[in-house]
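See below for the structure under consideration.
The values are calculated or read from the model by the stated rules, or taken from the named source; none is laboratory data. Quick caveat: nothing in here was measured; it's all calculated off a predicted structure. So basically every Cβ, Gly included, is an ideal-geometry build from the backbone, and we count neighbours across all protein chains shown.
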Amino acid sequence: MARPGDRTAVDRLVVDHLPSALRFALRLTGDVDTAEEVVQEAVCLVLRRWRSYRGDAAFGTWMLRIVLNVDRDRRRRRRDSSPLDGEEASHAASPVDWALAGELHARAREAIDRLPRRQREVVLLSFGEGLAAGDIARVLETTEANVHSCLYLARKRLARALGVDPARPRPT
């Protein structure tokens, strides 16, 4: 992967990858306003740190990594600021989401929110952004084997939470 040569190229790359970053942030946060804040902070970091991009991974993968780190920092600050409440609040879907997607969508979102942090991130990058295991591994700074393991465990947890038997074939 080549490094962008100048700020104009970086600006173009940021604009090209902005929809993906926003989708990912929305899936991470469950809230449009919070997702926009996360992406805004991530874009500011990208524009400040673009010279540190080594080109080891695709620019979009690097940018998603920054979005993920911004969200992790946000969650950590939120958790640190409420010492009485050790659990993260689940992100309830908006009324529009409930009306459009129905009960299964809401149950799936809640089940994903309850996954352990790493499994949730892997699921969102895989199913939400359609990234391959190698790209997910680069975003999360882990191995492909760990990504596959997380996906396997997350699928089992989600199937259990949604009352689906993963061994039973789906109707066609």
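I'd like the residue in segment 31-70 that is buried (at least 20 other Cβ atoms within 10 Å of the Cβ) and under 14 Å from residue 121 (Cβ atoms) and, out of all such residues, is nearest to the chain's Cα centre (by Cα).
Here the residue is 68.
Would you confirm whether or not segment 44-53 contains a residue that is touching a Leu at 6+ places or on another chain (Cβ under 9 Å) and over 12 Å from residue 71 (Cα atoms)?
Yes, segment 44-53 has at least one match.
Select, from 21, 35, the only residue that is of a type in the set (A, V, I, L, M, F, W, C), in a helix (DSSP H, G or I) and in contact with a Ser or Thr (Cβ under 8 Å, 6 or more places away or on another chain).
Numbers: 21 fails: in contact with a Ser or Thr (Cβ under 8 Å, 6 or more places away or on another chain).
Answer to the check: 35.
When both residues are 6+ apart or on different chains and their Cβ atoms are under 7 Å apart, which pairs have a first residue that lies in segment 125-137 and is more than 15 Å from residue 149 (Cα to Cα), and a second that is of a type in the set (Phe, Trp, Tyr)?
Close Cβ pairs (under 7 Å, with a partner that is of a type in the set (Phe, Trp, Tyr)) amount to 128/24; 129/24.
Can you name the residue in segment 71-86 that is surrounded by 11 or more Cβ atoms within 10 Å (Cβ to Cβ) and not basic (Lys, Arg) and is also modelled with the lowest pLDDT among such residues?
Quick first cut of segment 71-86, residues surrounded by 11 or more Cβ atoms within 10 Å (Cβ to Cβ) only: 71-75, 78-79, 82.
Right, trim to not basic (Lys, Arg) and you get 71, 73, 82.
Numbers: 71: 93, 73: 91, 82: 52.
Among residues in segment 71-86 that are surrounded by 11 or more Cβ atoms within 10 Å (Cβ to Cβ) and not basic (Lys, Arg), the one modelled with the lowest pLDDT is 82.
Go through segment 122-137 residue by residue and tally those that are crowded, with 20+ Cβ neighbours inside 10 Å and touching an Asp or Glu at 6+ places or on another chain (Cβ under 9 Å).
4
Which residues, counting only those in segment 126-140, are under 11 Å from residue 61 (Cα atoms) and not in a helix (DSSP H, G or I)?
129, 131, 132
Within segment 5-22, does at least one residue satisfy the condition of being at pLDDT below 80 and either in contact with an Asp or Glu (Cβ under 9 Å, 6 or more places away or on another chain) or surrounded by 19 or more Cβ atoms within 10 Å (Cβ to Cβ) (or both)?
Scanning segment 5-22 turns up no residue that is at pLDDT below 80 and either in contact with an Asp or Glu (Cβ under 9 Å, 6 or more places away or on another chain) or surrounded by 19 or more Cβ atoms within 10 Å (Cβ to Cβ) (or both).
Among residues belonging to segment 141-154 that are under 19 Å from residue 57 (Cα atoms) and hydroxyl-bearing (Ser, Thr, Tyr), point out the one that is farthest from the chain's Cα centre (by Cα).
In this case the residue turns out to be 143.
Only one of 54, 27, 23 is of a type in the set (D, E, K, R) and under 18 Å from residue 141 (Cα atoms). Can you tell me which?
Exactly one of 54, 27, 23 is of a type in the set (D, E, K, R) and under 18 Å from residue 141 (Cα atoms), namely 54.
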